[in-house]
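Asker: Quick one: this structure, given as C-alpha coordinates, is what I'll be asking you about.
The values are calculated or read from the model by the stated rules, or taken from the named source; none is laboratory data. Predicted model, so just to flag it, every value in this text is computed and none were measured. Just so you know, the surface numbers come from the protein's heavy atoms only, side chains and all, with ligands and any DNA or RNA stripped out. Shrake-Rupley method; radii C 1.70, N 1.55, O 1.52, S 1.80 Å.
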Amino acid sequence: MPLRQHLAELRHRVLLAAVGLVVGAVLGWFLYDPVLDLLQQPLRDVAQDRDQVVALNFAGVATSFDMKVKVSLFLGVFVSSPWWLFQLWAFVTPGLTRKERHYAVGFLAAAVPLFLAGAALAFWALPTAVRLLTDFTPDDATNLIDAQLYLGFVMRLLLAFGLAFLLPVLMVALNFAGAGRAETWQRGWRWAVLVAFTFAAVMTPTPDAITMIAVALPICALYFAALGVCHLHDRRVDRRRLAAGLPALDGTTPPQERA
(Lines give C-alpha, C1' and ligand atoms only; values in the text may rest on other atoms or scores of the structure.)
Protein backbone atom coordinates (compact mmCIF):
# COMPACT_ATOMS: atom_id res chain seq x y z
CA MET A 1 0.00 0.00 0.00
CA PRO A 2 1.49 3.41 -0.97
CA LEU A 3 2.35 5.93 1.73
CA ARG A 4 -0.52 8.22 0.73
CA GLN A 5 -3.03 5.41 1.14
CA HIS A 6 -1.49 4.49 4.51
CA LEU A 7 -1.95 8.08 5.70
CA ALA A 8 -5.53 8.18 4.38
CA GLU A 9 -6.28 4.89 6.15
CA LEU A 10 -4.73 6.22 9.36
CA ARG A 11 -6.86 9.36 9.19
CA HIS A 12 -9.98 7.28 8.57
CA ARG A 13 -9.29 4.99 11.53
CA VAL A 14 -8.43 7.88 13.86
CA LEU A 15 -11.67 9.63 12.89
CA LEU A 16 -13.72 6.50 13.61
CA ALA A 17 -11.93 5.99 16.93
CA ALA A 18 -12.60 9.64 17.86
CA VAL A 19 -16.31 9.24 17.14
CA GLY A 20 -16.41 6.21 19.42
CA LEU A 21 -14.54 8.14 22.11
CA VAL A 22 -17.11 10.95 21.97
CA VAL A 23 -19.97 8.48 22.29
CA GLY A 24 -18.24 6.85 25.26
CA ALA A 25 -17.65 10.27 26.83
CA VAL A 26 -21.38 11.02 26.66
CA LEU A 27 -22.03 7.90 28.72
CA GLY A 28 -19.15 8.86 31.02
CA TRP A 29 -20.84 12.20 31.66
CA PHE A 30 -23.68 10.40 33.44
CA LEU A 31 -21.25 8.20 35.40
CA TYR A 32 -19.20 11.15 36.65
CA ASP A 33 -20.48 11.28 40.24
CA PRO A 34 -19.95 7.61 41.23
CA VAL A 35 -16.58 7.46 39.42
CA LEU A 36 -15.26 10.64 41.04
CA ASP A 37 -16.41 9.28 44.40
CA LEU A 38 -14.45 6.08 43.72
CA LEU A 39 -11.31 8.01 42.73
CA GLN A 40 -11.46 10.02 45.95
CA GLN A 41 -11.72 6.93 48.16
CA PRO A 42 -7.92 6.55 48.61
CA LEU A 43 -7.78 10.16 49.86
CA ARG A 44 -10.62 9.58 52.32
CA ASP A 45 -8.92 6.43 53.63
CA VAL A 46 -5.68 8.33 54.24
CA ALA A 47 -7.55 11.19 55.93
CA GLN A 48 -9.32 8.74 58.24
CA ASP A 49 -6.16 6.84 59.14
CA ARG A 50 -4.10 9.98 59.81
CA ASP A 51 -6.99 12.02 61.28
CA GLN A 52 -6.10 14.86 58.92
CA VAL A 53 -7.78 16.86 56.19
CA VAL A 54 -6.77 15.21 52.91
CA ALA A 55 -9.14 16.17 50.12
CA LEU A 56 -9.43 17.49 46.59
CA ASN A 57 -9.37 21.24 46.08
CA PHE A 58 -11.35 22.71 43.19
CA ALA A 59 -9.44 25.95 42.74
CA GLY A 60 -11.29 28.11 40.25
CA VAL A 61 -14.79 28.93 39.11
CA ALA A 62 -14.79 26.54 36.14
CA THR A 63 -12.63 23.81 37.68
CA SER A 64 -15.56 21.56 38.62
CA PHE A 65 -16.96 21.75 35.08
CA ASP A 66 -13.52 21.14 33.59
CA MET A 67 -13.11 18.13 35.87
CA LYS A 68 -16.42 16.68 34.74
CA VAL A 69 -15.43 17.02 31.08
CA LYS A 70 -12.02 15.40 31.65
CA VAL A 71 -13.43 12.53 33.71
CA SER A 72 -16.08 11.95 31.03
CA LEU A 73 -13.40 11.74 28.33
CA PHE A 74 -11.34 9.51 30.59
CA LEU A 75 -14.28 7.14 31.00
CA GLY A 76 -14.94 7.35 27.28
CA VAL A 77 -11.53 5.78 26.63
CA PHE A 78 -12.53 2.73 28.67
CA VAL A 79 -16.14 2.50 27.52
CA SER A 80 -15.17 2.73 23.85
CA SER A 81 -12.08 0.51 24.18
CA PRO A 82 -13.57 -2.35 22.07
CA TRP A 83 -14.24 0.12 19.25
CA TRP A 84 -10.88 1.93 19.11
CA LEU A 85 -8.98 -1.31 19.66
CA PHE A 86 -10.76 -2.72 16.62
CA GLN A 87 -9.71 0.36 14.63
CA LEU A 88 -6.12 -0.26 15.72
CA TRP A 89 -6.33 -3.87 14.55
CA ALA A 90 -7.90 -2.82 11.24
CA PHE A 91 -5.07 -0.35 10.58
CA VAL A 92 -2.22 -2.68 11.59
CA THR A 93 -3.49 -5.66 9.57
CA PRO A 94 -5.03 -4.31 6.34
CA GLY A 95 -3.31 -6.91 4.16
CA LEU A 96 -4.71 -10.03 5.78
CA THR A 97 -6.96 -12.39 3.87
CA ARG A 98 -10.64 -12.70 4.64
CA LYS A 99 -9.97 -15.85 6.66
CA GLU A 100 -7.20 -14.20 8.64
CA ARG A 101 -9.36 -11.15 9.36
CA HIS A 102 -11.56 -13.43 11.40
CA TYR A 103 -8.76 -13.19 13.94
CA ALA A 104 -10.19 -9.76 14.76
CA VAL A 105 -12.65 -11.50 17.05
CA GLY A 106 -9.81 -13.12 18.96
CA PHE A 107 -7.87 -9.85 18.95
CA LEU A 108 -10.73 -7.97 20.62
CA ALA A 109 -11.46 -10.89 22.94
CA ALA A 110 -7.88 -10.63 24.22
CA ALA A 111 -7.19 -6.88 23.90
CA VAL A 112 -10.21 -5.52 25.76
CA PRO A 113 -9.83 -7.68 28.91
CA LEU A 114 -6.06 -7.06 28.92
CA PHE A 115 -6.50 -3.29 28.64
CA LEU A 116 -9.03 -3.30 31.48
CA ALA A 117 -6.85 -5.69 33.52
CA GLY A 118 -3.91 -3.33 33.21
CA ALA A 119 -6.05 -0.43 34.39
CA ALA A 120 -7.36 -2.57 37.25
CA LEU A 121 -3.80 -3.40 38.31
CA ALA A 122 -2.97 0.32 38.34
CA PHE A 123 -6.07 1.04 40.42
CA TRP A 124 -4.95 -1.66 42.84
CA ALA A 125 -1.62 0.15 43.25
CA LEU A 126 -3.24 3.61 43.50
CA PRO A 127 -4.10 3.56 47.25
CA THR A 128 -0.53 2.55 48.14
CA ALA A 129 0.87 5.34 45.96
CA VAL A 130 -1.49 7.93 47.47
CA ARG A 131 -0.67 6.81 50.99
CA LEU A 132 3.06 7.03 50.34
CA LEU A 133 2.96 10.44 48.71
CA THR A 134 0.74 11.96 51.40
CA ASP A 135 2.76 10.53 54.29
CA PHE A 136 5.10 13.51 53.98
CA THR A 137 2.36 15.87 55.16
CA PRO A 138 3.20 17.25 58.66
CA ASP A 139 0.89 16.12 61.45
CA ASP A 140 -0.43 19.63 62.15
CA ALA A 141 -1.11 20.49 58.49
CA THR A 142 -3.83 19.87 55.93
CA ASN A 143 -3.33 18.49 52.46
CA LEU A 144 -5.63 20.08 49.88
CA ILE A 145 -4.71 18.38 46.61
CA ASP A 146 -5.38 20.21 43.37
CA ALA A 147 -8.17 18.29 41.64
CA GLN A 148 -6.67 18.74 38.18
CA LEU A 149 -3.26 17.43 39.21
CA TYR A 150 -4.74 14.46 41.03
CA LEU A 151 -6.93 13.52 38.09
CA GLY A 152 -3.98 13.80 35.71
CA PHE A 153 -1.92 11.53 37.97
CA VAL A 154 -4.67 8.89 38.11
CA MET A 155 -5.38 9.06 34.38
CA ARG A 156 -1.73 8.64 33.43
CA LEU A 157 -1.35 5.72 35.83
CA LEU A 158 -4.41 3.80 34.60
CA LEU A 159 -3.86 4.48 30.90
CA ALA A 160 -0.16 3.64 31.05
CA PHE A 161 -0.85 0.26 32.62
CA GLY A 162 -3.74 -0.45 30.26
CA LEU A 163 -1.60 0.30 27.21
CA ALA A 164 1.33 -1.69 28.62
CA PHE A 165 -0.91 -4.76 28.81
CA LEU A 166 -1.76 -4.29 25.12
CA LEU A 167 1.85 -4.76 24.01
CA PRO A 168 1.58 -8.59 23.72
CA VAL A 169 -1.56 -8.26 21.59
CA LEU A 170 0.23 -5.79 19.33
CA MET A 171 3.14 -8.25 19.04
CA VAL A 172 0.76 -10.97 17.86
CA ALA A 173 -1.02 -8.60 15.46
CA LEU A 174 2.28 -7.58 13.83
CA ASN A 175 3.32 -11.23 13.63
CA PHE A 176 0.07 -12.22 11.93
CA ALA A 177 0.52 -9.30 9.52
CA GLY A 178 3.98 -10.59 8.62
CA ALA A 179 5.74 -7.56 10.08
CA GLY A 180 7.75 -9.44 12.71
CA ARG A 181 8.61 -13.07 13.28
CA ALA A 182 8.90 -14.76 16.66
CA GLU A 183 12.69 -14.93 16.38
CA THR A 184 12.82 -11.13 16.34
CA TRP A 185 10.81 -10.84 19.56
CA GLN A 186 12.77 -13.68 21.15
CA ARG A 187 16.12 -12.01 20.56
CA GLY A 188 14.94 -9.00 22.54
CA TRP A 189 13.47 -10.84 25.53
CA ARG A 190 16.13 -9.53 27.93
CA TRP A 191 15.36 -5.96 26.92
CA ALA A 192 11.65 -6.69 27.30
CA VAL A 193 12.12 -7.91 30.87
CA LEU A 194 14.31 -4.90 31.67
CA VAL A 195 11.74 -2.49 30.24
CA ALA A 196 8.93 -4.22 32.16
CA PHE A 197 10.70 -3.87 35.51
CA THR A 198 11.80 -0.30 34.73
CA PHE A 199 8.24 0.60 33.79
CA ALA A 200 6.94 -0.97 37.01
CA ALA A 201 9.52 0.89 39.09
CA VAL A 202 8.66 4.24 37.53
CA MET A 203 4.88 3.89 37.43
CA THR A 204 4.48 2.53 40.96
CA PRO A 205 5.88 5.28 43.22
CA THR A 206 6.27 2.99 46.21
CA PRO A 207 9.54 2.08 47.92
CA ASP A 208 8.88 -1.65 48.31
CA ALA A 209 10.14 -4.18 45.79
CA ILE A 210 7.11 -6.45 46.27
CA THR A 211 4.74 -4.02 44.53
CA MET A 212 7.20 -3.49 41.68
CA ILE A 213 7.60 -7.25 41.16
CA ALA A 214 3.83 -7.81 41.40
CA VAL A 215 3.34 -5.29 38.59
CA ALA A 216 6.27 -6.38 36.39
CA LEU A 217 5.66 -10.15 36.48
CA PRO A 218 2.25 -10.06 34.71
CA ILE A 219 3.74 -7.88 31.96
CA CYS A 220 6.63 -10.34 31.50
CA ALA A 221 4.24 -13.30 31.52
CA LEU A 222 2.10 -11.70 28.82
CA TYR A 223 5.19 -11.01 26.71
CA PHE A 224 6.29 -14.65 26.79
CA ALA A 225 2.74 -15.87 26.18
CA ALA A 226 2.59 -13.66 23.07
CA LEU A 227 6.00 -14.98 22.03
CA GLY A 228 4.63 -18.54 22.20
CA VAL A 229 1.64 -17.60 20.03
CA CYS A 230 3.99 -16.01 17.49
CA HIS A 231 6.10 -19.19 17.35
CA LEU A 232 3.01 -21.34 16.72
CA HIS A 233 1.82 -19.02 13.97
CA ASP A 234 5.23 -18.94 12.29
CA ARG A 235 5.38 -22.74 12.25
CA ARG A 236 1.94 -22.94 10.59
CA VAL A 237 2.96 -20.38 7.97
CA ASP A 238 6.22 -22.23 7.25
CA ARG A 239 4.42 -25.58 6.90
CA ARG A 240 1.91 -24.09 4.47
CA ARG A 241 4.68 -22.56 2.36
CA LEU A 242 6.64 -25.82 2.27
CA ALA A 243 3.51 -27.75 1.30
CA ALA A 244 2.98 -25.28 -1.54
CA GLY A 245 6.54 -25.80 -2.77
CA LEU A 246 7.77 -22.45 -1.51
CA PRO A 247 10.73 -21.87 0.82
CA ALA A 248 9.78 -21.26 4.44
CA LEU A 249 10.38 -17.85 5.94
CA ASP A 250 12.95 -19.37 8.29
CA GLY A 251 15.09 -20.39 5.30
CA THR A 252 13.99 -24.03 5.04
CA THR A 253 13.58 -25.19 1.43
CA PRO A 254 10.94 -27.66 0.13
CA PRO A 255 12.03 -31.35 -0.10
CA GLN A 256 12.04 -31.33 -3.91
CA GLU A 257 14.49 -28.42 -4.00
CA ARG A 258 16.82 -30.15 -1.54
CA ALA A 259 16.77 -33.24 -3.74
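Asker: Find the accessible area per residue for the chain; the probe is 1.4 Å, ligands and nucleic acids are left out, and the unit is Å².
Answerer: Spelled out: the 1.4 Å probe surface of the chain, per residue, equals 57 Å².
Asker: Sticking with this structure for a sec: Can you give the helix-only mean residue ellipticity at 222 nm for the chain, where every DSSP H stretch with n ≥ 4 adds -39500 (n - 2.57) and the sum goes over all residues, rounded to the nearest 500 deg cm²/dmol?
Answerer: One gets -26000 deg cm²/dmol as the mean residue ellipticity at 222 nm.
Asker: In whole Å, largest first, what are the principal axis extents of the Cα atoms in the chain?
Answerer: Principal extents (Cα only, largest first): 86, 40, 27 Å.
Asker: Let me ask something additional. Search the structure for amide H atoms under 5 Å from the amide H of ASP146, placed 1.01 Å from N in the peptide plane, and list their residues when 5 or more places away or on another chain.
Answerer: Under 5 Å from the amide H of ASP146 lie the amide H atoms of ASN57, each far enough along the sequence or on another chain.
Asker: Of all the accessible heavy-atom surface of the chain, with the other protein chains kept in place and a 1.4 Å probe, what percent is carbon and sulfur?
Answerer: So the carbon and sulfur contribution to the accessible surface is 69 percent.
Asker: Taking every pair of alpha-carbon atoms in the range 27-97, what share in percent sits in each 10 Å bin, from 0 to the bin with the longest distance?
Answerer: 17, 31, 26, 15, 8, 3, 0
Asker: Find the all-direction average of the projected area of the Cα convex hull for the range 39-79, expressing the result in square nanometres with one decimal place.
Answerer: Dividing the Cα hull surface by four gives the mean projection, 3.5 nm².
Asker: Still on this structure: Kindly write out, for the range 171-176 in residue order, the coupling ³J(HN,Hα) from the Karplus curve 6.51 cos²θ - 1.76 cosθ + 1.60 (θ = phi - 60°), rounded to whole Hz, with x marking Gly and Pro.
Answerer: For the range 171-176, the Karplus-derived couplings read 4, 5, 4, 5, 5, 5 Hz, x marking Gly and Pro.
Asker: By what distance, in whole Å, do the Cα atoms of the range 29-181 stretch along each of the three principal axes, largest value first?
Answerer: Principal axes ranked by extent give 66, 30, 20 Å for the Cα atoms.
Asker: Kindly identify the range 113-153 as rounded, prolate or oblate by the Cα gyration tensor criterion: order the square roots of the eigenvalues as a ≥ b ≥ c, call it rounded if a/c is under 1.5, otherwise compare a/b with b/c, prolate if a/b is larger, else oblate.
Answerer: Oblate shape, in that a/c is at least 1.5 and b/c is the bigger or equal ratio.
Asker: Let me ask something else. Could you grab the relative contact order for the chain? Cα pairs under 8 Å, six or more apart, rounded to a whole percent.
Answerer: 19
Asker: Here's another thing I want to ask about it. Subtract the Cα-Cα distance of ALA209 and LEU232 from 0.36 nm times their separation in residues, and report this length gain in nm to one decimal.
Answerer: 4.8 nm
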